[in-house]
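Notes follow the structure.
The values are calculated or read from the model by the stated rules, or taken from the named source; none is laboratory data. As the structure is a prediction and not an experimental result, all values here were calculated from the model. For neighbour counting, all protein chains shown are included, and Cβ atoms are generated from backbone atoms with ideal geometry for every residue, glycine included. Quick note on the areas: whole protein, heavy atoms, side chains included, nothing else; ligands and nucleic acids left out. Shrake-Rupley method; radii C 1.70, N 1.55, O 1.52, S 1.80 Å.
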Amino acid sequence: MTPRSLLLVHPVTWTIWLGTTLLTVSLTRNPLYLLLLLFGLTLVAETERPTGRATPLDPIFFAVIAVSFGALFNAATIRYGDTVLVALPTSWWLIGGPITLEAIVFGMINGLVLSALVAGFGAFGTAMPISALISLVPRAFYPLAVVMSVAVTYVPLTIRLAGQVREAQQLRGHQVRVWRDGLPLLLPLLIGGLERALQLAEAMAARGFAADPPSNQVRMMLVGGLAALFAGLLLQFAWGQVVAASVTLLIGTALILWALRESGQQAPRTRYRVYRRGIRDMMVLLGAGLTLVAVLAPWPGRASLAYTPYPTLQLPIFEPLLAFALMGLLMPVAVRLGDRYLP
Amino acid sequence: MIEFAQLSYRYPDQPQVCLDQVSLALPAGSFTLVIGPSGSGKSTLLRCLNGLVPHFSGGEVAGSVRVAAYDPIALGPRVMSRHVGMVFQSPEAQFVLERVEDEIAFALEHAAVPREQLRIRVEEVLDLLDLAPLRDRLLTTLSGGERQRVAIAATLALQPMVLVLDEPTSQLDPQSADDVLQALVRLNHDLGLTIVLAEHRSERVLPIVDLVVALDRAGRVVSGPPREILANSPLCPPLVTVARAAGWQPLPLSIKEARPFATRQGLAQQDAIAVGKTGEAGRASETGSPRPPRPYLEIRGLEAGYGTTPVLRNLDLTIAAGEITLLMGRNGIGKSTLLKCMIGLVRPRRGEIRIAGRSIAGRDIAAISRELACLPQEPESMLFADTVADELRTTLRNHRLPVNEALIDELLAQLGLSERRERYPRDLSIGERQRVALGAISITRPGGLLLDEPTRGLDYEAKAMLGGLLRQWSREGTAIIVVSHDVEFVAEIADRVLILGQGGLIADGTPWNVLGNSPLFAPQIARIFPGRGWLTASDALQGLQDK
């Protein structure tokens, strides 16, 4: 019997889902699909959000900021496009010249792409507990994974500390007028953060967490591997010995990987939660697979992913079949909502 | 089980020893309380048990420590973590993961405990500490007491022989602190776990411990049964102070043990006529005059909340100049929200707040804080300057007031910080840091002061000093509002006590009227001598003398 998990699908499935999401968003320039993806990914994050956890960054709010900033930035810096809204005197540094509708739309699309990427990462981060993320990391990199998890756990603490510092400084009449006025906010935050880090380090030491000292054999392999990599680079770039360089680089890489493997085996760890794959994983993978096929396979509808407002703004094409395929990324929502009906 | 033999320890770059030839022995299965003033080396002594001292801190060690057959100084915390579990003051500063169950399993995974055993151990500690219903919860959604129990569970999962706790209840409200202590008693009684606990507020712990280790500022140690040590210790709760003065033998350590002595002396119950005669009347004469009638802070029809959740509803309150008002109530009931409304950090949905006759609506926080200064729960958030005096100068500059060195000297003298004037504030003790922050907010000479949980982490001496300071300022006409869970402190200094319930005030009166008969908030003295109007040790001593 294994401990009950709040994670409905395997961490590897979530990782594949994230990879598909990022690839899909990166290949899409059509604002209609981007909007669809943004709302869909926000929905995934919302259904996965555990009770009591605040949303660290609302993707819709972020999108409003990013789209507005993208539009303003492009309007001020890009002079291309047929539909001139207003022409500023060319003598005005940087922003002088015609401001076009096409440039504004292009900037907005950039903002949408960024927002959809953030929403994808947000949904993944919300769904995956830190312990599940650590379980994905190979044993040799375990200490690094724990450091990362501590860093992630520290984010909400630091945000809270920043709020406390801001309020405390306001209570003694502090107001930010020039950049130097930021010091009373920054210093207590920095010092407080360091104090907390020391407390945590002490607590972790008391619980027996300390990096295992590597054996001499592992050290030798690491040093040898790094030396071989360095020699390989020299051979490649200083002396142009391509074959010798390739062999040396290969040996160096093999030595380092072997050292890491040995180091991992010297520090045995057990796992409390063992995640198993099942029908839910199948559903999420099928959904992601459908999206992946739709955006990669050569079929006519795929062309509608691309869009450019230049030189003259036109309405983007909407292909219902492609939109349906993109909704494959929403399968985690179906799994979460239909969990009680699944075996 | 635990043996210190002539152990001396000096921190790096410190001229004086922190522990001076400490020798003591604690048997297996005992529950030991470590007491001592701030900076006396309590935490250092505890950290010697698992090798954090000297392995984490550095420094010079002489003498030896043995925990069972192990030598923590030679083995270090990595090995000792299997035998000695340690829980720290702040629960959230020791968590690595975000969920209860994962956090408990973390150290076991790291120790490569086989999976089957790992599962059993997690279930066992979840049950031992009543955490099973919380197993899936995010740690950020738990109360302070629940989080501290998770920290204890995470430590116990490694099945240590000794559990060491460094002031685990100092940041908790009374209910949460009781939950944690009850869990410790269960572990000690049911599992025979050896427990060593450092704690400032000994009144809660004394009835449950077998041994007391008392440290002084020179790093010297005495140890023995609680009655023996407390017979001469300056750090004792009000009950013991009164019992010692009255010559009660054997020395009572709990209300239950003290009541028969009070009954024998005919002091257990008193008719209503005498109520308040010695206690509150006495304190009224100490303050010199009846309560000044001039209102300093007026709140009318206040409604406030966060999002759609209302916290305060239709609240009316008037605070007079020169009055010390204590605000109590359970965690999350809205005490801090009320304070934040008073200083403009939270905008009320409805109602009006007036300070010295002027509404605060539309005024910025800086302007309000010149008239009503506020000391937040974490005074460290305020401190950043290089010296104590600079902290006070910074506030004056913030308010664009002239930097008056004479005023700074006068305030530092009042705060007992004259000798610390050029010290770096964060190097000072908790009590001193708090007084620096108090100086930083009050250098503008405001007519009102708000203090949010000012006694957290303070020892008896620091609390007495803070109480004296507040009394002095109230005599000078300052209106003071203190939010606190510390009933003994409240009983010592309050002119008036308010209790905040769901949505608004549910009690408002003199300390005796509000605290005297409260099953939850009554201080030790009121429980021993019900119906006499005595709340503090000095009330009782005066009353006994009169009798």
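Once the Cα atoms of region B:320-446 are picked out, what are the Rg and Dmax in Å?
Calculated on Cα positions, Rg and Dmax stand at 15.7, 47 Å.
Please count, across chain B, the pairs of lysine residues with Cα atoms under 28 Å apart that sit 8 or more places apart or on different chains.
Working: B:LYS42/B:LYS463; B:LYS256/B:LYS277; B:LYS256/B:LYS463; B:LYS256/B:LYS547; B:LYS277/B:LYS463; B:LYS277/B:LYS547; B:LYS335/B:LYS463; B:LYS340/B:LYS463.
Count of close lysine pairs: 8.
Mind checking Rg over Rh on region A:184-343, alpha carbons, Kirkwood formula for Rh?
Ratio of gyration radius to Kirkwood radius for region A:184-343: 1.17.
Quick one: angle between helix A:279-296 and the longest Cα principal axis of chain A, in degrees between 0 and 90, rounded to 10, please.
Here the helix axis deviates by roughly 50 degrees.
Restricting attention to the alpha-carbon atoms of region A:216-265, what are Rg (one decimal) and Dmax (integer), both in Å?
11.6, 38
Could you work out the local net charge near A:LEU114, counting Lys and Arg as +1, Asp and Glu as -1, over the other residues with Cβ closer than 15 Å to its Cβ?
On the way: positive: A:ARG29; negative: A:ASP58.
Neighbour charge sum, excluding A:LEU114 itself: 0.
Amide H neighbours of B:ILE35 under 5 Å, at least 5 residues apart or on other chains, H built in the peptide plane: list them.
Hits under the 5 Å cutoff: B:VAL213, B:ALA214, B:LEU215.
What whole number of Å gives the distance from the Cα centroid of region A:261-310 to the Cα centroid of region B:301-341?
The two parts, judged by their Cα centres, are 51 Å apart.
What's the local net charge at B:ASP127, with K and R +1, D and E -1, over the other residues with C-beta under 14 Å away?
Result for the neighbourhood of B:ASP127: 0.
List, by residue number, every residue in region B:133-176 with a reduction of 50 Å² or greater in accessible area between the chain on its own and the complete protein assembly, 1.4 Å probe.
Listed by number, the residues meeting the 50 Å² cut-off are B:ASP136, B:LEU138.
Extent of region B:451-547 along each principal axis, from alpha carbon coordinates, in Å, largest to smallest?
Between the extreme Cα coordinates on each principal axis of region B:451-547 lie 37, 32, 28 Å.
Keeping every protein chain present and rolling a 1.4 Å probe, give me the accessible area per residue for region A:143-206 in Å².
52 Å²
If you wrap chain A's Cα atoms in a convex hull and average its projection over all directions, what's the area in nm²? Walk me through the numbers on the way to the answer.
Values: hull surface 108.7 nm².
The orientation-averaged projected area of the Cα hull of chain A comes to 27.2 nm².
With a 10 Å cut-off between alpha carbons and a GNM built on chain A, which of A:ALA288, A:ALA151, A:ALA168 moves the most?
A:ALA168
Taking only the Cα atoms of region A:143-206, how large is their convex hull per residue, in Å³? Please report the intermediate quantities before stating the final value.
Values: hull volume 5.6 nm³, N = 64.
Considering the Cα atoms of region A:143-206, their hull volume per residue is 88 Å³.
Going by Cα centres, region B:129-195 and region A:97-112 are how many Å apart?
Taking the Cα centre of each part, region B:129-195 and region A:97-112 sit 58 Å apart.
Using only alpha carbons, build the gyration tensor for region B:506-547 and give me the equivalent ellipsoid semi-axes, biggest first, whole Å.
On the way: eigenvalues 78, 19, 11 Å².
Its equivalent ellipsoid spans semi-axes of 20, 10, 7 Å.
Give the percent of DSSP beta bridges with both residues in the protein assembly as shown that are antiparallel, rounded to the nearest 5.
55 percent
Using the alpha carbon gyration tensor of the protein assembly as shown, what are the three equivalent-ellipsoid semi-axes (square root of 5 times each eigenvalue), largest first, in whole Å?
55, 39, 27
State to the nearest 20 debye the size of the charge dipole of the protein assembly as shown about its Cα centre, where the only charges are +1 on K and R beta carbons and -1 on D and E beta carbons.
1020 debye
Any idea of the total accessible area buried by the A-B contact, 1.4 Å probe, rounded to 100 Å²?
5600 Å²
For region B:142-207, what is the convex hull volume of the alpha-carbon atoms per residue, in Å³?
On the way: hull volume 5.3 nm³, N = 66.
Cα convex hull per residue, to the nearest whole number: 80 Å³.
If you wrap region B:98-207's Cα atoms in a convex hull and average its projection over all directions, what's the area in nm²? Please report the intermediate quantities before stating the final value.
On the way: hull surface 27.3 nm².
Seen from a random direction, the Cα hull of region B:98-207 projects 6.8 nm² on average.
Calculate what fraction, in whole %, of the accessible area of the protein assembly as shown sits on carbon and sulfur atoms when a 1.4 Å probe is rolled over the protein chains. Numbers along the way, then the final one.
Working: 23750 of 39040 Å².
So the carbon and sulfur contribution to the accessible surface is 61 percent.
Could you tell me how many cubic angstrom of Cα convex hull volume chain B has per residue?
Dividing the Cα hull volume of chain B by its residues yields 159 Å³.
Express in nm, to one decimal, how much length is gained between B:ALA68 and B:ASP386 on full extension, taking 0.36 nm for each residue of separation and deducting their alpha carbon distance.
Net length gain for the segment: 109.9 nm.
Specify the inter-centroid distance of region B:470-533 and region B:397-419, based on alpha-carbon positions, in whole Å.
Region B:470-533 and region B:397-419 have Cα centres separated by 31 Å.
Can you list the residues in region B:66-81 whose accessible area drops by at least 20 Å² when all protein chains are present, compared with the chain alone? Use a 1.4 Å probe, heavy atoms only.
B:PRO77, B:ARG78, B:SER81
Using the charge dipole of the protein assembly as shown (Lys, Arg: +1 at Cβ; Asp, Glu: -1 at Cβ; taken about the Cα centre), state which of B:GLY416, A:GLY70, B:GLY531 has its Cα farthest towards the positive end.
Highest projection toward the positive end goes to A:GLY70.
Report the label-to-label distance for A:ARG139 and B:ASP409 in nanometres (one decimal), using points 7 Å from each Cα along the Cα→Cβ vector.
Inter-label distance under the simple model: 7.0 nm.
Taking the Cβ of B:TYR424 as the center, what net charge do the other residues with Cβ under 13 Å away carry, scoring Lys and Arg +1 and Asp and Glu -1?
Values: positive: B:ARG420, B:ARG421, B:ARG423, B:ARG426, B:ARG433; negative: B:GLU380, B:ASP386, B:ASP390, B:GLU391, B:GLU422, B:ASP427, B:GLU432.
Taking every other residue near B:TYR424 into account, the sum is -2.
What are the ³J(HN,Hα) couplings of region A:184-196, residue after residue, when phi is run through the Karplus curve with 6.51, -1.76, 1.60 and θ = phi - 60°? Round to Hz, x for glycine and proline.
Listing the rounded values in order: x, 8, 6, 4, x, 5, 5, 5, x, x, 5, 4, 5 Hz.
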